[in-house]
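The values are calculated or read from the model by the stated rules, or taken from the named source; none is laboratory data. Small disclaimer: the values here were computed from a predicted structure and weren't measured. Quick note on the areas: whole protein, heavy atoms, side chains included, nothing else; ligands and nucleic acids left out. Shrake-Rupley method; radii C 1.70, N 1.55, O 1.52, S 1.80 Å.
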Amino acid sequence: MSRSPQDLPTGAASRLAYLDQLKLLLVALVVVHHAGQPYGPPEDWPLRSAAAGLPLGAFFEINGAFFMGLFFLISGLFLPLAVDRLGAFKAVCARVFRLGTPLVFLSVLVFGPISYATGPRRDAFVTYMLRDYVGAGAFQVGHLWFLSWLLVMVAAYGACRMVWRRPAAATPKPPGHLALLAAAAALAATSAIVRIWYPVGLWADLAPLVRVEAGRLPQYLLLFAGGLAAGRSGWLQTFPTGRGLVWLVLGLAAACLRLVQPWLVPMPSWAWLAEEAVIGIGLSVGLLVLSRALLDQPSTMLSELARDAFGVYLIHVFLVVGLQFALEATSVGGWARFGAVSVLGLVLSFAIVRGLRRVPLVSEFL
């Protein structure tokens with residue numbers, strides 16, 4: 001989710017405005033998604049609520065089909081231009097500093113103590129941290145897996161640009177319907193293969209600090225590559241609005257089909273893979289085009305909130321989980337808890353980040 005005005009070509013201020021506002025909407029969706037984790041189907045989450053049982057499974061599946069992949073796409077948009085301007089080494093180092101610092105800080109100084117406090121405590125805290133946590137490379141990253149995997153992708157692109165210093169000439173013509181259908185088919189096929197060994201919900205630790213839900217990795221790689229191609233070719237500006245809206249409708253239709261499927265005849269697993277791919281491609285392309293059409297006028301209030309979005313992503317989980325545990329002592333129902341955690345989690349996260357951004361050193365990373 002890293003963004004910088006300097007990463008955009010001259011004259012792209014309105015693009016920055018609508019992309020920032022789109023990321024703001026996506027961050028809000030992330031908070032709401034995590035707010036519902038204890039109340040829907042069983043998930044890998046610190047709390048399983050007494051009010052669990054809400055029908056949120058389709059909501060989680062639809063979100064998982066596109067929202068983090070769209071973050072990767074937006075991140076990929078800016079990278080080729082940054083490498084062109086700074087060079088591969090400097091551009092990668094800038095992102096390592098911007099993303100790696102909060103990743104290491106929160107993983108060691110926040111997740112480390114949490115891991116010690118919630119696990120069996122057989123040794124002193126310092127011994128545990130130095131020998132079992134940092135020493136053994138047993139880092140917990142939680143929701144910060146996005147930062148670590150984004151760094152892997154950025155480093156891989158930077159290495160390619162160091163080898164091929166003159167990338168292939170940009171293709172200004174944006175992808176048509178057949179190309180997007182081919183991308184959706186490729187996504188469905190590769191996801192089917194990967195999920196033979198890594199079904200959705202199974203996480204893989206590829207290296208210290210590098211963790212990923214491998215069953216969704218094809219989505220992330222494909223959309224990040226799409227962002228790189230769009231950033232180099234200028235597709236974001238030239239993509240036809242009508243074509244984007246067609247894919248938005250396709251993505252929404254596939255999402256609606258998923259919502260009503262519990263009341264339909266059971267469908268084979270390959271059908272969901274196809275739906276998921278259409279949701280991922282359709283909503284990613286469609287929301288970019290829709291936001292370009294509707295959000296290209298800068299808004300002072302939304303721009304201010306958008307500056308806080310990255311910080312909200314970093315800290316929101318700690319607030320959301322705290323609110324979820326606090327509500328366990330109440331008698332309110334599951335929907336009320338879900339709504340309260342969503343609203344309070346958003347409000348508190350943005351308020352705290354706004355305060356933290358006033359701290360000079362902290363503001364460098366938020």
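Brief remarks follow.
- Alpha carbon Rg of segment 241-290, scaled by the compact-globule rule 2.2 N^0.38 Å: 1.19
- GNM remark for the chain: springs join alpha carbons under 10 Å apart, and the peak mean-square fluctuation among Leu150, Leu223, Leu178 falls on Leu178.
- Carbon plus sulfur fraction of accessible area for the chain, probe 1.4 Å, in percent: 70
- Among (1) 31, 27, 21; (2) 35, 28, 21; (3) 62, 19, 18, the entry that matches semi-axes √(5λ) of the Cα gyration tensor in Å as calculated here: (1)
- Heavy-atom accessible area per residue - segment 168-281, 1.4 Å, Å²: 52
- Under the membrane-span-like helix rule (DSSP H runs whose alpha carbons stretch at least 15 Å along the helix axis, mean Kyte-Doolittle hydropathy -1.0 or higher), the chain yields 13-35, 67-86, 145-163, 177-197, 217-233, 241-260, 269-294, 309-327, 334-356.
- Solvent exposure, largest accessible area first (probe 1.4 Å, DNA, RNA and ligands not counted), of Ile279, Ile193: Ile193, Ile279
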